[in-house]
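Worksheet for the structure shown next.
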Amino acid sequence: MAITSEWPLPANGVRFLTPRFMVQLLAQHPLTEGLYPLAMGYYPIARKHHMLRQTHDNYLIMYCTGGHGTLVCDDRQYDIRSGDLVLLPRGHSHAYHADDLDPWTIYWLHFNGRLADAFYQHSRLTSPKLYIGLQPRVVRIFDGLSELRRSAYQLAEFIQGCHQIQALLSYIALLERQQRPQSGKGLDWERLRAMMQEHIHGQLNLDELAASANLSKFHFTKKFKAWSGQSPIQYFINMKVQRACYLLDSTGMSIKEVAAALGYDDAYYFSRVFKKTIGLSPSEYRQHRRV
């Protein structure tokens, strides 16, 4: 089974396959066996680029930064345009090709590893295509991975590259969560975050948050936890604690003043909340900052 297409590579294109000995080493090394690259590349204005795979035993990411093309996966067709990211799990037959009139420009990466399934599940993708727009951070990671072709197969370079793949997949999962409200079926997360930020110096209860979303407290909490992994009130408390850390780091305010600035009349209660979250009391946190 071909891992890459036979598309003729232009002078400014990139195609790099990890050699078999290195794949075997990465699959066994404790720092890399979670995720490791099998092949990667960059195809600019990839006229006549196409691929068909009946079987597929690794993961594939494609990121379109220009033009467009077509993906067929599990008998469903997707139009791929600039800003679209494709994430295909193993075991799914697929075909794709660049548009004849406006061929795509794509970054791509084949990867595998013990954590590949877990990272895919963490992404929560309900479609192989996710629109993320033009993300400089994603481009930087792909460009960084492409430098492995100059590494002379040094293990240290590949270890760093493997962790870039983890950074890429975790960032994709974050972008998916940020995009999800646009479906019209979820909560307006940006408005909720803004509301919490506006009240960070005071109080905000679950009734007010649920009412702002026109939901019962039960359904609001369920949706919020599905998005953030935290209850709404815990999320709000964490925002307050993060702000407290900033004030303790950047100002000479007393702990009582920091507590008051965040809406806590009782500095001792604030200190208990802070320690439960950070693991240090506010005074201990300030001492550690000085080390």
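FYI, it's all coordinate maths here, none of it is from the lab. A quick note: this is a predicted structure, and the numbers were derived from the prediction, not measured. In this analysis, Cβ positions are derived from the backbone assuming ideal geometry, glycine residues included, and neighbour counts consider all displayed protein chains.
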With viscosity set to 1.306 mPa s and temperature to 10 °C, compute the Stokes-Einstein D of the chain, Rh being the Kirkwood radius across alpha carbon pairs; µm²/s, no decimals.
72
Using Cα positions and a limit of under 18 Å, work out the aspartates and glutamates in reach of Lys222, with same-chain residues fewer than 8 apart set aside.
Asp188, Glu190, Asp207, Glu208
Cross-link reach list, lysines versus Lys223, counting only Cα pairs under 21 Å and skipping chain neighbours closer than eight places:
Lys185
Candidates Tyr235, Tyr36, Tyr246: whichever shows maximal mean-square fluctuation once the chain is modelled as a Gaussian network with Cα springs under 10 Å
Tyr246
Crossing angle, helix 155-179 versus the chain [Cα axis fit, 0-90 degrees, rounded to tens]:
60
Within the chain, helix-based [θ] at 222 nm, where runs of 4 or more DSSP H residues each add -39,500 (n - 2.57), nearest 500
-13500 deg cm²/dmol
Can you tell me the mean projection area, over all orientations, of the convex hull of region 1-144's alpha carbons? Units nm², please.
8.6
In a GNM of the chain with a 10 Å cut-off on Cα contacts, which of Gly279, Gly133, Gly67 has the highest mean-square fluctuation?
Gly279
Between Gln77 and Ser170, what's the calculated FRET efficiency when r is the beta-carbon distance and R0 is 30 Å? Round to 0.05.
0.55
For region 160-244, what are Rg and Dmax over the alpha carbons, in angstrom?
14.8, 46
Among Met253, Met40, Met239, which one shows the highest mean-square fluctuation when the chain is modelled as a Gaussian network with alpha-carbon springs under 10 Å?
Met253
Leaving out same-chain residues fewer than 8 places away, which lysines sit with a Cα under 28 Å from that of Lys48?
Lys129
Region 189-290: translational diffusion in µm²/s, Stokes-Einstein, Kirkwood Rh over Cα pairs, 4 °C, 1.567 mPa s:
90
Which chymotrypsin sites (Phe, Trp or Tyr not before Pro) in region 60-165 pass both tests, a DSSP loop state and at most 16 other beta-carbon atoms within 10 Å?
Tyr153
Take the residue pairs Lys225/Lys256; Lys240/Lys275; Lys225/Lys276; Lys240/Lys276 and return only those whose Cα atoms are more than 24 Å apart.
Lys225/Lys256
